[in-house]
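Heads up, the thing below is written out as structure tokens.
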Amino acid sequence: MAARTSDATRPGQASFDDLGTPLHQVTFCVIDIETTGGRATDGGITEIGAVKLRGGACEGTFQTLVNPGLPIPPRITVLTGITDSMVFPAPRLGPVLAALLEFVGDAVIVGHNVRYDLGFLNAALENHGRARFANRSVDTCALARRLVRDEVPNCRLGTLAECFGLAHQPSHRALDDALATGDLLHLLLERAAGLGVLGLDDLIALPKMAAHPQAAKLVLTRNLPRAPGVYRFRDRHGRVLYVGKATDLRSRVRSYFSSDERRKVGQLLREVEAVDTIVCSSTLEASVLELRLIRALDPRFNRQGRARGSRTWVKLTAEAFPRLSVVRVVRPDGADYFGPFASHRAAAHVVEAIQTALPIRHCTGAPGRRGAPCAAAQLGRALCPCGGDLDPEIYAGVVDTVRTGWRSRPDLLLSPLAERMDALAAAERYEEAGDVRDRAAAIATTLRRGRRIDALRASGRTELALPGGAGAVLDAGVLVAAWGSDGQVRALDMVTGVPPPAVEPGPAPSDALAAELLCVAAWLDRAAGRVRIESSTGGLASSWPPLPDFTARRRPVAPIDRDRDHDRRGDRGDGRWSSPTRAAALSGVAGRR
């Protein structure tokens, strides 16, 4: 066993938490093995060769024959020149693996068809009670197919070495092949740089990206920063086609050329001619800037956040016998407004939920004109004045319950729904119980959203300390200033020229303000535990108790015990389970807590 290391050898490299490590700072370990053939589970390794590379220089080599403990087939000897007599005095695989692990360390493993080499090595590690390689890996064969396939007859290592005149030529011996693969890696890195591949994450993703029909446009990402911010795709006329946000701008934009298979992305990339970015101090700033730019520019390829229509509200009218309706405008008419909702459908769902929980009227006609109660009243589902005999005081109590339930006592709305859901589940009417559960969830979700908006609007001026030394200032929930670790404060309206939504008094915020407050609230929820409130003139907390969760859940179903009585366990004889317990679990009704 021979391992040679140059004077420049460094101790084991730290793991790559940041895959954006520049390639000249990455330590690669090129590995090649010779085997007895067959599969990784039953074949034997006869030789291992490795070479460590960093910054274009060789830092050390590793080479040893291995006694596989089984005869080498003649065809393998003809191919490699390795005979039984050569490997008989060689060490067994156990101590060789220990030395190889030490040599490789945390380096990125490289191989020509690296899955083959790692398959044998990982199988051997498991057989010797060791953990598999967890290192990142790069396959020069896959890279060659993407970068130079049109220049060579095939992508075999020998063919590539001959066509490109590599300094080392493969010979079906482990170290020779590893050295040739290292030369090929350096050649491919030079080619990849033309596509803007400058970091490890770029290199790992390149085999998929280079096959993309718009791969030539990867050069647009060459100078993109590795920082949080907002990116804009522009067409040949400079018009903004799409606005997005990212924690790492470079990685996110490049991902459109590999992992994103949405149909609209193909058309988007065909039209893109330029990409520009705005670097932000934090992902909070990026989220808010994205929202403001989308509303201001209305890009053609954006869907979420587009200014295509206003939000909707549920209105409790101010007439003698109030009713619920869905409206798009909040007016100073003395009525109560609940919301906002993202769509008419969501608002209508909440109306149905409240009408299920409480007997508020369904009909819209004038009291007493019908001469007889409406259908909902006849079925006992509502108190309606259409028959002319409804006591106003009794109905006023129902309306007060709706107001109180929405403003301060959500249990007045949710408890009747929970009781009805449980009763339907007990009667094995699971689909109906699921419908009631969904209506209760709609109310809880809307109340939770409204509480977030109200808490932010009442918070006054709030200064936040964000992860990484960044910070931000909220004014009534609206982001007005931000700074990074350098402490340089900048006003957001000066960054993009897009003003923040106006903060106006009143019970109902504007569409733009509601959208931004929900964006800030969602970010604060995700960053809980990593954000510190430095100061707040109004307090950034909700005084309300948490709302119940009506989200449907799947519970694991116990395996069928076929030794038990079929009738008792509900087996229908065809292998399918018909127990009510399972049906309830799948509907999410029986699992409510």
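Does GLY196 satisfy being at pLDDT 90 or above, outside any strand (DSSP E or B) and on the phi > 0 side of the Ramachandran plot? No: the conditions fail for GLY196. Being touching a residue at least 24 places away in the same chain (Cβ under 8 Å) and surrounded by fewer than 15 Cβ atoms within 10 Å (Cβ to Cβ) is a description that does not apply to ARG136. Taken over segment 431-459, the criterion of being within 21 Å of PRO340 (Cα to Cα), open to solvent by less than 20 Å² (accessible area, probe 1.4 Å) and not aliphatic (A, V, I, L, M) is satisfied by THR446, GLY450, SER459.
Evaluation of PRO73 against the conditions (1) touching a strand residue (DSSP E or B) at 6+ places or on another chain (Cβ under 9 Å); (2) of a type outside the set (Asp, Glu); (3) free of Cβ contacts under 8 Å to residues at least 60 places away in the same chain shows that the sole unmet condition is (1).
Evaluate segment 288-295: report whether one residue or more is modelled with pLDDT under 90, in a helix (DSSP H, G or I) and out of contact with any Pro (no Cβ under 8 Å at 6 or more places or on another chain). Yes - at least one qualifying residue is present in segment 288-295. Among the numbered conditions (1) open to solvent by less than 10 Å² (accessible area, probe 1.4 Å); (2) touching a residue at least 24 places away in the same chain (Cβ under 8 Å), the only one that ALA161 does not meet is (2). One residue alone among VAL473, VAL498, VAL480 is open to solvent by less than 50 Å² (accessible area, probe 1.4 Å), in a loop (DSSP other than H, G, I, E, B) and aliphatic (A, V, I, L, M), and that residue is VAL498. Helices (runs of 4 or more DSSP H) fully within segment 38-119 that include at least 2 residues being open to solvent by less than 50 Å² (accessible area, probe 1.4 Å) and at pLDDT below 95: 74-80, 93-104.
Residues in segment 444-475 that are charged (D, E, K, R) and over 27 Å from the mean Cα position of the chain (by Cα): ASP454, ARG457, ARG461, GLU463, ASP475.
Can you tell which of GLU504, GLU534, GLU463, GLU516 is in contact with a helix residue (DSSP H, G or I) (Cβ under 8 Å, 6 or more places away or on another chain) and either at pLDDT 85 or above or not in a loop (DSSP other than H, G, I, E, B) (or both)?
GLU516
When ALA382, ALA425, ALA375 are checked against the criterion of being among the hydrophobic types (A, V, I, L, M, F, W, C) and at pLDDT 85 or above, ALA425 stands alone in meeting it. All of ARG345, ARG308 fail the test of being modelled with pLDDT under 85 and either surrounded by fewer than 18 Cβ atoms within 10 Å (Cβ to Cβ) or of a type in the set (Lys, Arg) (or both), apart from ARG308.
Residue-level check: of (1) over 14 Å from LEU175 (Cα atoms); (2) out of contact with any Cys (no Cβ under 6 Å at 6 or more places or on another chain); (3) of a type in the set (S, T, N, Q), ASN113 misses just (2).
Every residue, every condition in (1) modelled with pLDDT under 85; (2) open to solvent by less than 30 Å² (accessible area, probe 1.4 Å); (3) farther than 30 Å from GLY49 by Cβ, yes or no:
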residue	(1), (2), (3)
LYS217	yes, no, yes
ALA227	no, yes, yes
VAL243	no, yes, yes
ASP248	no, no, yes
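The values are calculated or read from the model by the stated rules, or taken from the named source; none is laboratory data. As the structure is a computational prediction, the values presented were derived from the model and not from experiment. Don't worry about glycine lacking a Cβ; one is built from the backbone with ideal geometry, like all the others, and counts go over all protein chains shown. For accessibility, only protein heavy atoms count, side chains too; no ligands or nucleic acids. Shrake-Rupley method; radii C 1.70, N 1.55, O 1.52, S 1.80 Å.
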